[in-house]
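The values are calculated or read from the model by the stated rules, or taken from the named source; none is laboratory data. Here the structure is a predicted model, which means the values were calculated and not measured. FYI the Cβ positions are ideal-geometry reconstructions off the backbone, even for glycines, and counts take in every protein chain you see.
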Amino acid sequence: MSRRHSSLLATAPAVFVVLWATGFVVARLSAGHVEPLSFLAFRFPIAGLCLAAIAWLRRTEWPRGNNILHAGLAGALLHAGYLGPIYWAVANGMPGGVSALIVGLQPLITAFLAAPLLGDFINRKHWLGLAVGITGVALVLSPKFSSQSFGGISPVTVAACVFGTLSVALGTIYQKKFASGLPLLTSMVWQYFGASLVVIAAAALFESFGFDGSFEAWFALGWAVLVLSLAAIVLLMMLIREGNVSRVSSLIFLVPAVSALMTFVLFHETLTWVQVTGMAVCAAAVLIVSRSAARPQ
C-alpha cells in the first residue's frame, strides 16, 4: 500500500463524518421547497450521470453480468431504502431528533447482522463501544426532545424510520459481501441506477415532483449531489471495502454530534453542556470500537 493511499485512508473517516453530517443542513434547506421523494428522484439520477462521466473520462472498467445486479441492489438498499423512508417520515411530522435517534441505532443493528452474515467477530470492547455510542447519541439529541412536538410520531412514521435504518444496515453488509471488489466509480453508477428506479417510482405514485426553483432548493440539490451523493458516498464505499463493516458503521455515532455543531454555527441553535458531553461520549465510542480487535471466526 502506497504512503499516499495510507494517508487517504487515515483521514477518510473524519472527512466522511463531516460531509455526512451536512445532510441535516440540506434537509433543513430543502424542506418546504422540494417534495422529499421527488428531491431524491432528482438527486440520484444526476449523481449517477456525473459519476458515469467521470468513469468514462478515467476509462474505468465497468461491472458485468451479476455484478451489475449486485451493485444495483446495494444502491437500492443504501440510498433509496434508507433516505426515502427517513425523508418521508420527517416530511410527515416525525421530529428530526427522534428520527436521528432511530437512525443512530444503525451501527448496533449492523453489528448484530454482520456477525452471522459476514463472520465478523465482535468482542466485549466492541459491544461496550456500541452501548456507549447509543448513550452519546441520546445525550446529543436529548435537549431537542423538550422543545419539539411529538405530534408527528405515529406507528407509520416510526416504522418508516426503522425500515430506513434496517435498509442501510443491510445495504452496508450486502455491499461488503457481494460488491466490495467492484470498480468503485462504475459500481456506484449502477448503485444510483438501482436507487433511482425505486425513488422515481415512489415519487410518481405518491408525489407530483414539486420543485419551487428557489435558491434554497437549488443549493440543497447541488450540495446533495456533489457533496453527499458523490464525495461522501465514495468515501463510504472506500471505507466499507477496506475495513470491517461494524467499525465503519460506528462512525455514524459521530454524525449527530457534528450536525449539532453545524446547526449551532449556521442556524444559532442552542448547544448545551449535555450535548457537548454527548459529543465526547460519541467520540469515546468510536475510539473503543475502532481499537477493538476484529477477526474472522
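Of the residues screened, LEU117 is one that is assigned to a helix (DSSP H, G or I) and at pLDDT below 75.
Those helices (runs of 4 or more DSSP H) of the stretch 190-278 in which 3 or more residues are modelled with pLDDT under 90 and over 29 Å from GLN175 (Cα atoms) occupy 255-267.
The set of residues from the stretch 22-38 being modelled with pLDDT of 85 or more and within 10 Å of ALA220 (Cβ to Cβ) comprises HIS33, VAL34.
Taking every residue in the stretch 34-53 that is more than 13 Å from ALA201 (Cα to Cα) and in contact (Cβ under 8 Å) with a residue 40 or more places away in the chain and pairing it with any residue that is of a type outside the set (Ser, Thr, Tyr) and part of a loop (DSSP other than H, G, I, E, B), at least 6 positions away or on another chain, the pairs with Cβ-Cβ distances below 6 Å are GLU35/GLU207; GLU35/GLY210. Among the conditions (1) assigned to a helix (DSSP H, G or I); (2) modelled with pLDDT of 75 or more, GLU61 misses just one, which is (1).
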